[in-house]
Amino acid sequence: MDPSGVRLRYPKRPGDQPDETDRQAVDALRAHVLDADYPCLMSRSVFNRDAFRLSTYGELGHADNAALLCDDLYAFCAEFPAPVQGAVSFIACFGGAMPGNEIDFEIALWRQLQAIHDVDRRRFSWCAEVDCTPDSPKFSFSVGGRAFFIIGMHPQASRLARRTPMPAIVFNLHEQFVELRASGKFDGVRDKVQARDKLLQGSINPMAADFGERSEVAQYSGRSVGTDWVCPFNPA
């Protein structure tokens, strides 16, 4: 456990402790998210409450990361069983070669998600509360039988809110968005986030979609894509 109270790395071996790479990643992301101009209020809440878990891995898109990522996500799900109270996030940060542009990042992101699914499907079925078909408006990514909304972040992101010093994947539990809508707070939070995003960038993210109204997959990488874009994920 880090002195801040944040568990940086779920132990992979007895006695395994957070290393300097983990701490540098936390410091960089904390500074990014807690900047006064950062638009996402839920992310700010997660960092203000130390309600996140983070671990670092090798280069984004490599299948070698998948088993470790799955183990860490299973531990995260066990630590925050449903129904989760408040927003919590698991953040995977990646080293190695940086993506040259947004398309490179998008390709690597989906390779990584595919590799995670290929490991996960050996033990778990897709979360029954969401669809596994990427073009369905009810799709959410599934790991360990829990559904997640994915946020990709990296140095070459055109959206300033997604521009981080290192490639990262944020796994946000789907159920927290369901709870937000059920409480009647979703629209208010969405409107505040979009207003803050416009102040930061001068425009609202064109890929942002209301939760549950159309497929969320086009939002994962942060790149602006057209209606002819096809998600490269195969749930089979």
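Among the residues of the range 220-229, write down those that are open to solvent by less than 60 Å² (accessible area, probe 1.4 Å) and either touching a residue at least 40 places away in the same chain (Cβ under 8 Å) or farther than 25 Å from Asp135 by Cβ (or both). Steps first, please.
First, pick out the residues of the range 220-229 that are open to solvent by less than 60 Å² (accessible area, probe 1.4 Å): 220-223, 225-226, 229.
Passing the criteria: Tyr220, Ser221, Gly222, Arg223.
Hey, among the residues in the range 198-236 that are modelled with pLDDT of 90 or more and of a type in the set (Asp, Glu), which one's nearest to the chain's Cα centre (by Cα)?
Looking at residues that are modelled with pLDDT of 90 or more and of a type in the set (Asp, Glu), I get Glu216.
Output yes when any residue across the range 83-91 is β-branched (Val, Ile, Thr), closer than 12 Å to Phe148 by Cβ, out of contact with any Phe, Trp or Tyr (no Cβ under 6 Å at 6 or more places or on another chain) and surrounded by fewer than 21 Cβ atoms within 10 Å (Cβ to Cβ), and no when none is.
Among the residues of the range 83-91, at least one is β-branched (Val, Ile, Thr), closer than 12 Å to Phe148 by Cβ, out of contact with any Phe, Trp or Tyr (no Cβ under 6 Å at 6 or more places or on another chain) and surrounded by fewer than 21 Cβ atoms within 10 Å (Cβ to Cβ), which makes the answer yes.
Can you pull out every residue in the range 31-78 that is outside any helix (DSSP H, G or I), open to solvent by 40 Å² or more (accessible area, probe 1.4 Å) and basic (Lys, Arg)?
Scanning the range 31-78 gives a single hit, Arg49.
Would you point out which residue out of Phe148, Phe105 is modelled with pLDDT of 95 or more, assigned to a strand (DSSP E or B) and either more than 22 Å from Asp64 (Cα to Cα) or open to solvent by less than 20 Å² (accessible area, probe 1.4 Å) (or both)?
Values: Phe105 fails: assigned to a strand (DSSP E or B).
The match here is Phe148.
Regarding Val119, is this residue in contact with a helix residue (DSSP H, G or I) (Cβ under 7 Å, 6 or more places away or on another chain) and not in a strand (DSSP E or B)? Break it down into steps so the answer makes sense when it comes.
Working: in contact with a helix residue (DSSP H, G or I) (Cβ under 7 Å, 6 or more places away or on another chain): yes; not in a strand (DSSP E or B): yes.
In short, yes.
Please go through the range 16-30 and give me each residue that is surrounded by 13 or more Cβ atoms within 10 Å (Cβ to Cβ) and out of contact with any strand residue (DSSP E or B) (no Cβ under 7 Å at 6 or more places or on another chain), ordered by number. Lay out the reasoning, then the answer.
Let us first name the residues in the range 16-30 that are surrounded by 13 or more Cβ atoms within 10 Å (Cβ to Cβ), namely 18, 21-26, 28-30.
If the condition is that a residue be surrounded by 13 or more Cβ atoms within 10 Å (Cβ to Cβ) and out of contact with any strand residue (DSSP E or B) (no Cβ under 7 Å at 6 or more places or on another chain), then Pro18, Arg23, Gln24, Ala28, Arg30 are the ones that fit.
Each row is one residue, and each column tells you yes or no for (1) free of Cβ contacts under 8 Å to residues at least 40 places away in the same chain; (2) buried (at least 18 other Cβ atoms within 10 Å of the Cβ); (3) in contact with an Asp or Glu (Cβ under 8 Å, 6 or more places away or on another chain).
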{"residue": "Val143", "(1), (2), (3)": "no, yes, yes"}
{"residue": "Met153", "(1), (2), (3)": "no, yes, no"}
{"residue": "Leu199", "(1), (2), (3)": "no, no, yes"}
{"residue": "Gly202", "(1), (2), (3)": "yes, no, no"}
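The values are calculated or read from the model by the stated rules, or taken from the named source; none is laboratory data. Note that the structure is predicted; figures quoted are calculated from it, not measured. When we count neighbours, we look across all protein chains shown, and the Cβ atoms used for this are built from the backbone with ideal geometry, even at glycine. Accessible surface is based on the protein model in full, side chains and every heavy atom, while ligands, DNA and RNA are left aside. Shrake-Rupley method; radii C 1.70, N 1.55, O 1.52, S 1.80 Å.
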